[in-house]
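Please read the structure below before turning to the comments.
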Amino acid sequence: WGAAIDFGVQAGNGRTIGQSSLFAPLWQDDRSLVFTDLRGMFDNRQAREGNFGIGFRHMLDSGWNLGTYGYFDVRRSAYGNTFHQATLGVEALGEIFDLRANVYLPFGDTERTAAATSSSTSHGAAAVVSGNQLSIQRTSTTTTSTVVEKAMRGVDAEVGMRLPVFPEDWNLDARVFAGAYSFEADGVGDIRGPRARLELSARDLAGLPGVRLGV
């Protein structure tokens, strides 16, 4: 196994994400590999994230690669709050199919104030006579609302399949993925549902070994 640099873009109807990663072997033999995986993410909402991981893979006689990995994640939200998380996962990678499952465990300060807004409500007016002076007295109430960000613990899993779009000897690859996720935190509603994505990648971009562009 060799080192690889990945660049990717995920476009959505409300959020666009740019990603980059560096995969580098730390030790390997004919069947096993210890590697590091360093990733960076940014989006159009001013959020930033860094993932610093280490993992292990072992190739079976059948051609499947079985692996496990762990990451230390640092995320700065669009509100300027910073959260920390551990990610633990397992994977099975084949020529046609990929399977992955992850557990996300936030730690440290998992709740931060994001923003506060104030609004005033008038309760009417009353005439007040003092000596020979007539004045109008108004009564109002000011309400302050606070928005809180919370880091949520959760799990996700997905299965991917290589699409027979490009010949095997080309440096182009197309894969489709489908999966599900579930996240929860105290005091907020659970977030869970399905997801799907299509990944296109070009290996050895511009004739540079190990450079790959993905969308």
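Ordered by 1.4 Å accessible area with all protein chains kept, TYR79, TYR104 run largest first as TYR79, TYR104.
Across the range 146-215, Cα-Cα pairs farther apart than 15 Å form 67% of the total. As a calculated quantity, the FRET efficiency between LEU99 and GLN28 at R0 = 25 Å, using C-beta atoms, amounts to about 0.70.
Within the range 1-56, the chymotrypsin sites (Phe, Trp or Tyr not before Pro) that combine a DSSP coil assignment with at most 16 other C-beta atoms in a 10 angstrom radius are TRP1. Chymotrypsin sites (Phe, Trp or Tyr not before Pro), restricted to the range 148-215: which are DSSP loop and have at most 15 other Cβ atoms within 10 Å? Hits after loop and neighbour filter: TRP170.
Working note: Cα gyration tensor of the range 1-116, eigenvalues times five, square-rooted, sorted largest first, giving semi-axes of 31, 16, 13 Å.
With the cut-off at 1.5 for a/c, could you classify the chain from its C-alpha gyration tensor as rounded, prolate or oblate? Verdict is prolate for the chain.
Loop-located GluC sites (Glu not before Pro) in the range 166-207 (DSSP state not H, G, I, E or B) with no more than 14 neighbouring Cβ atoms inside 10 Å: GLU168.
Each Lys and Arg Cβ is given +1 and each Asp and Glu Cβ -1; about its Cα centre, the chain then shows a dipole of about 960 debye.
The values are calculated or read from the model by the stated rules, or taken from the named source; none is laboratory data. These numbers come from a predicted model, not from an experiment. Note: ideal-geometry Cβ built from the backbone for every residue, glycine included; neighbour counts use all protein chains shown. Heavy atoms of the whole protein, side chains included, go into the accessibility calculation; ligands, DNA and RNA do not. Shrake-Rupley method; radii C 1.70, N 1.55, O 1.52, S 1.80 Å.
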